[in-house]
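Okay, structure first, notes after.
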Amino acid sequence: MRNIDKFFRQSCYSNLRVLLTWCGIWPFHVPSKRYAIYVAFTMFCGFCIPFQTLCMIKVWPDFFEVFDCSTMLVYSLSTTIKLIYAVYKLPEIKMLLLNIREHWCSPKSDEEAKILRSHVLFARKFGYVYSGVLFVYSVIYAFTPLVARFYYNKMNSLNNTQDAETNSERQISYVLDLQIRYIPLFIQGASAEIYFTFIISSFNVLYLMCVQHCCGLFEALKYHLENAFEFGNNDDDIVTISTQNNCHSNIAYGVRRHIEAVQFAVALEALYRLPFFMHMTINVSLLSIVGSQVMTDTENIGRLMPYGSYLSGLVLNTFFENWQGQKIIDCNEKVFNAAYNLKWYKMPIVSQKLLIMIMMRSKKPLTITAGKILVLSHMTFNTAMRTSYSYLMLLQSM
């Protein structure tokens, strides 16, 4: 176990290890460390949900105020459910990480290792960018009300001061006296929002790392199929016995690598199937609600900035999940094209049969789904955006 943890600490996956450790879902830690993080999360962030629920009950007759409360409440609930789901699926996460280590430690050519490393480095760099953008959005969403409150408090007009208090509350009152407890409650609520974003980004960076690792396996197999079967300039139908043996061993190696990549993708899809179904169903509603809030408050900077950042984060997250799903589809199709373009007619019959196995499996789409209902792809992202826009126009007409 220590050797496995050391591998991830000293490899390109070190950032993933840090993120999952702070979320309590790094499977190679002792249970006591994870339990301590779960208790801290419950004490620090878990109380936000009851308070936000009470706040929504308080403003229940006001339809639009309920919308204001529901956005953050849904975000908190979905993040908490995702963390609980990740804890429940900790054995599956552990198996994915073990498979990654096994793929890296297995024998491979230098070029295949280079291809795999390039995908992991891309995932590492993009993970930093993705997490940083989400963190900026969460900071804007959390601290804009406080800035607006301090700005409007400098004004002498009583009406402007009251408007500032209304705009800065953003239903964080938790049914308490804001004049006395505003700063402590604001710090607690803002910290919870940022930590929720941290959990979301950690879970998605794990998804990014696994997808890119799977794409690296397919790209390495594609390179192997394109370059490992050289018959030279011999145009005759006669192929030497040594060439036949080499061809058969290369095809068998490709079949084994293809099975490993497909099994890894299937395990990844099984892990993220339920969270993505929740995301795609909730995000369509949230995009409509938050988009309506942004269009309604275009002249109010105190409300436009936090809801604009929230909307941008939702669009980014939805695109990110579908984009990575499309990457799996494209890489699987590339393997089929590489196998189809081989000089199969010069191979021995046994090798041809093995090659047909790769082609038949590659012809079948390999996808990441949301509850086995929606296939994550560019087309699904386009459909989600159009559906959200339709609901947005419906809300605006009300």
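The values are calculated or read from the model by the stated rules, or taken from the named source; none is laboratory data. Here the structure is a predicted model, which is why all the values come from computation and not from measurement. Virtual Cβ from ideal backbone geometry, glycine too; neighbours counted across all protein chains shown. Keep in mind that these areas ignore ligands, DNA and RNA; they rest on the heavy atoms of the full protein, side chains included. Shrake-Rupley method; radii C 1.70, N 1.55, O 1.52, S 1.80 Å.
Screening the candidates SER351, SER309 for the property of being hydroxyl-bearing (Ser, Thr, Tyr), over 29 Å from the mean Cα position of the chain (by Cα) and at pLDDT below 90 yields one hit, SER351.
Scan region 21-43 for residues that are crowded, with 17+ Cβ neighbours inside 10 Å, of a type in the set (Lys, Arg) and farther than 17 Å from TYR85 by Cα and the total you get is 0.
Contact annotation: residue pairs with Cβ atoms under 9 Å, 6 or more positions apart or on different chains, pairing a residue in region 298-326 that is touching a residue at least 12 places away in the same chain (Cβ under 8 Å) with a partner that is polar (S, T, N, Q) and not in a helix (DSSP H, G or I), are ASN322/SER377; TRP323/SER377; GLY325/THR367; GLY325/THR369; GLY325/SER377; GLN326/SER377. Those helices (runs of 4 or more DSSP H) of region 44-125 in which 3 or more residues are in contact (Cβ under 8 Å) with a residue 12 or more places away in the chain, farther than 20 Å from CYS210 by Cβ and open to solvent by less than 50 Å² (accessible area, probe 1.4 Å) occupy 48-58, 63-88. Only residues that are outside any helix (DSSP H, G or I) and of a type outside the set (S, T, N, Q) were counted in region 307-341, giving 0. If you take the residues in region 24-43 that are out of contact with any Phe, Trp or Tyr (no Cβ under 7 Å at 6 or more places or on another chain), of a type outside the set (Phe, Trp, Tyr) and in a loop (DSSP other than H, G, I, E, B), which one is farthest from ILE4 (Cα to Cα)? Here the residue is ILE25. Residues in region 341-398 that are among the β-branched types (Val, Ile, Thr) and either in contact with a helix residue (DSSP H, G or I) (Cβ under 8 Å, 6 or more places away or on another chain) or buried (at least 19 other Cβ atoms within 10 Å of the Cβ) (or both): VAL350, ILE358, THR367, ILE368, THR369, ILE373, VAL375, THR380, THR387.
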